[in-house]
1. May I ask you to order A:417-430, A:58-71 by the average number of other C-beta atoms within 10 Å around their residues, highest value first?
2. So which trypsin sites (Lys or Arg not before Pro) in the stretch B:4-85 are both in a DSSP loop and have at most 10 other Cβ atoms within 10 Å of their Cβ?
3. With n ≥ 4 as the cut-off for DSSP H runs, can you work out [θ] at 222 nm for chain B, using -39500 (n - 2.57) per run divided by the number of residues, rounded to the nearest 500?
4. Mind ordering B:149-155, A:286-292 by average Cβ neighbours within 10 Å, highest first?
5. So which trypsin sites (Lys or Arg not before Pro) in the stretch A:186-259 end up in coil per DSSP with only 14 or fewer other C-beta atoms within 10 Å?
6. With viscosity set to 0.890 mPa s at 25 °C, what whole-number translational diffusion coefficient in µm²/s follows for the protein assembly as shown from Stokes-Einstein and a Kirkwood radius over Cα pairs?
7. To the nearest 0.05, how large is the calculated FRET efficiency for A:SER176 and B:SER227 if R₀ is 60 Å and r is the Cβ-Cβ distance?
8. In nm, to one decimal, how far is the modelled label at B:LEU70 from the one at A:ARG385, with both set 7 Å along Cα→Cβ?
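FYI, it's all coordinate maths here, none of it is from the lab. Fair warning: this is a prediction, and the values are worked out from it, not measured in the lab. Cβ placement follows ideal geometry from the backbone for every residue including glycine, while neighbour counts extend to all protein chains displayed.
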Amino acid sequence: MSSQAELDNSELDRVIRSEYEAGFTTLVESDTLPPGLNEDVIRVISAKKEEPEWMLEWRLEAYRHWQTMQEPNWAHVQYPPVDLNAISYYSAPKSMEDRPKSLDEVDPELLETYKKLGIPLHEQEMLAGVAVDAVFDSVSVATTFKSKLAEAGVIFCSISEAVREHPELVRKYLGSVVPKGDNYFAGLNSAVFTDGSFVYIPKGVRCPMELSTYFRINEANTGQFERTLIVADEGSYVSYLEGCTAPQRDENQLHAAVVELVALPGAEIKYSTVQNWYPGDEDGKGGIYNFVTKRGVAHDHAKISWTQVETGSAITWKYPSVVLRGDHSVGEFYSVALTRHAQQADTGTKMIHLGKNTKSTIVSKGISAGKSSNAYRGLVRMGPRAENARNFTQCDSLLLGDRCGAHTFPYIESKHPSATIEHEATTSKVSDDQLFLCRQRGIDPEKAISMIVNGFCKEVFKELPMEFAVEAGKLLEVSLEGAVG
Amino acid sequence: MLEIRDLHASVAGQPILKGLNLTVKPGEVHAIMGPNGSGKSTLANVLAGRDNYEITGGEALFDGKSLGDLEPEERAQLGLFLAFQYPVEIPGVSNMEFLKAALESVRAAQGKEEWDSVTLLRKAREACKQVDLDAQFLKRGVNEGFSGGEKKRNEIMQMLLMEPKLALLDETDSGLDIDALQTVAKGVNSLRGPERGIVLVTHYQRLLDYIVPDFVHVLSGGKIIKSGGKELALELEQHGYGWLTSGDNGDNGKKDQTA
């Protein structure tokens, strides 16, 4: 038995030890605030972004409340305390200071960075039908296809720009889904958020293209505090995708984001994430701490669907949730979380059913390799008004090797007798038999494992927009690929 | 093409094969028969290179290369195919995707031209038809939710596409009704040819009514204790394995027979 286990592990280790392809650093001159957090820092951030007074007040209120809060410790993750005074809260390439009007004015070095990551920002080179907002450290570098979107009445810009250009919308909705004092990391984000995307889809409009934001952390010793707000007005539809990468560094870096979705009556928001932050090395050195609050509110007949493929970060603490406020609203959560090396993930969702005839679906696929830990944590709550509410949850874990762990923490609360809640959970291993069948057919073990894992995730991948489903499959392949030599 | 000399092998440290000799030449069909526990399936798995099936003595040469030195996928790339006794399910990986990966690897290794998707699909449909499997099965996960008989036919379908030099069939007849048995046999017979060797591992004679072997070997206690032509199988059917094993190899054979 033990020799068998050793065999398995050496084989799998070889297979899962792969290089992080987005680990390069861009050499640009940056304007970076000295490390440390206080009210003056917040004032500087706000001034740099030329924000109106109300925005600064909002930030300061958030900061003062946050100072009374405690870092949560209930997640199934372990890490040394983060010294929030050792990181810088604002960093932007110098060339971005005078806000380039068009791509021609953007530092070619920055454009090259995105190109290298497979995200060309020149519209003619891009995937047709996908508009991109590219965020580099604390600023948005460029947003493509803005004018084409404007024809449809769609607003897609950086949140900083939205604060200046569309204050009425931002004021109305910012913090309406994730309040300033919601939790420790959301509170911190509310005080110091720098950039992220803003989307508004007018009534009855089907957004003519996929929207996407690409987040890149470049500068060392900085945190990235992204803030994204998506408002889909009545009867509208939008599909949005976010992608993330960071250079390979030995220090841990903090990414504390807040994403708020508002789906007004009859609207539908499909939000997909392909998260590939630097995961740290084999021994757990370095990597991004990804502490993220994502939540949406679905009004009557509205639908919010979260799909996430999480392969990166040293620590993931993330629960994209839906508040099913309106009657007949629908919430969905499809997730693939892959952990390897010493990565730790505690991720899942919350489905809060308030309205009648609300429906939610949760499909979570956790894959653990190396000595990583992968936990699903999910809450399904049926409120006292949630007549005929239904939830279906399926949690599957796949283990590669025997030094990793998978955990499932489902929380179920029902305050209405007519509510239906179904929960299915499985844990399986890539079996020697499966691997042997593949190898007997001439398929090498790396390819075989990646094929088996992809098969395991198929249900979730089919929820991703087509262009990205391919990318996600490839990403998983890269993550599992061994440096065979 | 297959030359086994004084082969000793153990499974998870337990000796099972104890000095086995067998030669298979191109164009020949050999049947390996024997009571349960005699080492038949072990032989098939040792040749294919399953983990924990270890060669401890002697050698097994395939086209002059020592199998013990090769990874399972390298053996497959040389043209060795094992039809499994218990084909395992791979959920979410479609049969087509699986075949594509397998054929790309094996055909490239053998210097054969690559089949484009259209050709592959056409060939795969033909192969399905040959074993009476609906082409819909190509879209389903590998063996996912297949009945026992469908799994076995799926193995033969794969074998037809892979065109192996040496096909090992491990109890392919077990669990098949007579119609399915005939279908499977038809598939195997279509592969018979002067350049190909086939080794059938089976417990029962009935498969050999449909795939007539050139040689029959009786395996007991990890060795071949008798070899002969196809008529040997009939004798076994009449007299049982006890006829051969009760003598010299004694209680080992008897115990296995009743197990």
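1. In decreasing order of mean packing, A:417-430, A:58-71 become A:58-71, A:417-430.
2. Working: sites: B:ARG5, B:LYS18, B:LYS40, B:ARG50, B:LYS65, B:ARG75; in loops: B:ARG50.
Listed in order of number, the matching sites amount to none.
3. Roughly -11000 deg cm²/dmol at 222 nm, from the helical runs in chain B.
4. Numbers: B:149-155: 22.1, A:286-292: 24.7.
Averaged packing, sorted descending, gives the order A:286-292, B:149-155.
5. Here the sparse-neighbourhood loop sites are A:LYS203.
6. Answer, rounded: 85 µm²/s.
7. Details: r = 83 Å, r/R0 = 1.39.
The value I calculate is 0.10.
8. Going by the 7 Å Cα→Cβ label model, 7.0 nm.
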